[in-house]
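The values are calculated or read from the model by the stated rules, or taken from the named source; none is laboratory data. Not measured: the values here are computed from a predicted model. Here the Cβ positions follow ideal geometry from the backbone for every residue, glycine too, while neighbour counts run over all protein chains shown. Quick note on the areas: whole protein, heavy atoms, side chains included, nothing else; ligands and nucleic acids left out. Shrake-Rupley method; radii C 1.70, N 1.55, O 1.52, S 1.80 Å.
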Amino acid sequence: MEEVPREAQPSPAPEQGQRPDAEAHITVDSPDAMRELGRRIAGLLRPGDLVLLTGELGAGKTTLTRGLGEGLGVRGAVTSPTFVIARVHPSLGGGPALVHVDAYRLGGGLDEMEDLDLDVSLPESVVVVEWGDGKVEELSDDRLHVVIKRAVGHEEVLDDVREVVVRGVGTRWSGEGALVALAPAQAE
């Protein structure tokens, strides 16, 4: 993984009236690197955190969530919850559970999401919502938005390479060092 200069990667637009409190740009070159990024993000998370994942089909949202599950030390294989809509993975070591939601088939925003009781799960869990933009932001003023895009080079899509922007919103993620742990490790 390598850091991408800010000017080389378009940033997701902040919500109206808000500025991003912290932002990291990472290039991921394989599914294993995407899982490792998920493990690193997990090291920043605590109960009550909301993570929104955005990216086209096959971008790596579930792969990143597998890494989150590994990093949080949860039970069960993390797989796409597309057909069940939500899966709960309890912690194996006393940490927060991982609630993994796929909002792709849910079009009604927070009203439709209320049936999942995410507001009840959120205080003691880490809630990850794929396809959640525009649907669940009201659950928390503090959240991470992770946008995953396929990289393009010389007019072709680079198969395994992804450009990932992790943007923290709210006071939980404010400050210069909020996402510093996501910076790629430097080779010695």
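A few notes on this one:
- When residues of region 42-55 are limited to those that are open to solvent by less than 30 Å² (accessible area, probe 1.4 Å) and in a loop (DSSP other than H, G, I, E, B), the one farthest from Val164 (Cα to Cα): Gly48
- Test: residue in region 166-183 that is at pLDDT 85 or above, open to solvent by 30 Å² or more (accessible area, probe 1.4 Å) and in contact with a Gly (Cβ under 7 Å, 6 or more places away or on another chain): no
- Residues that are open to solvent by 10 Å² or more (accessible area, probe 1.4 Å) and over 16 Å from Ile148 (Cβ atoms), drawn from region 56-77: Glu70, Gly71, Leu72, Gly73, Val74, Arg75, Gly76, Ala77
- Filter pass, Gly109 being modelled with pLDDT under 95 and open to solvent by less than 20 Å² (accessible area, probe 1.4 Å): yes
- Filter pass, Asp119 being open to solvent by 50 Å² or more (accessible area, probe 1.4 Å) and modelled with pLDDT under 70: yes
- Residue within region 83-98 that is open to solvent by 60 Å² or more (accessible area, probe 1.4 Å), modelled with pLDDT under 90 and either among the hydroxyl-bearing types (Ser, Thr, Tyr) or not in a loop (DSSP other than H, G, I, E, B) (or both) present: yes
- Within the span defined as region 2-16, every residue fails to be aliphatic (A, V, I, L, M), at pLDDT 90 or above, surrounded by 15 or more Cβ atoms within 10 Å (Cβ to Cβ) and under 17 Å from Val161 (Cβ atoms).
- Scanning region 132-165 for residues that are in a loop (DSSP other than H, G, I, E, B), at pLDDT 80 or above and either at negative phi or open to solvent by 80 Å² or more (accessible area, probe 1.4 Å) (or both) yields a total of 6.
- Cβ-Cβ contacts under 9 Å between residues 6 or more apart (or on different chains), taken from a first residue in region 166-183 that is assigned to a strand (DSSP E or B) to a second residue that is among the basic types (Lys, Arg) and modelled with pLDDT of 90 or more, are listed as Gly168/Arg143; Val169/Arg143.
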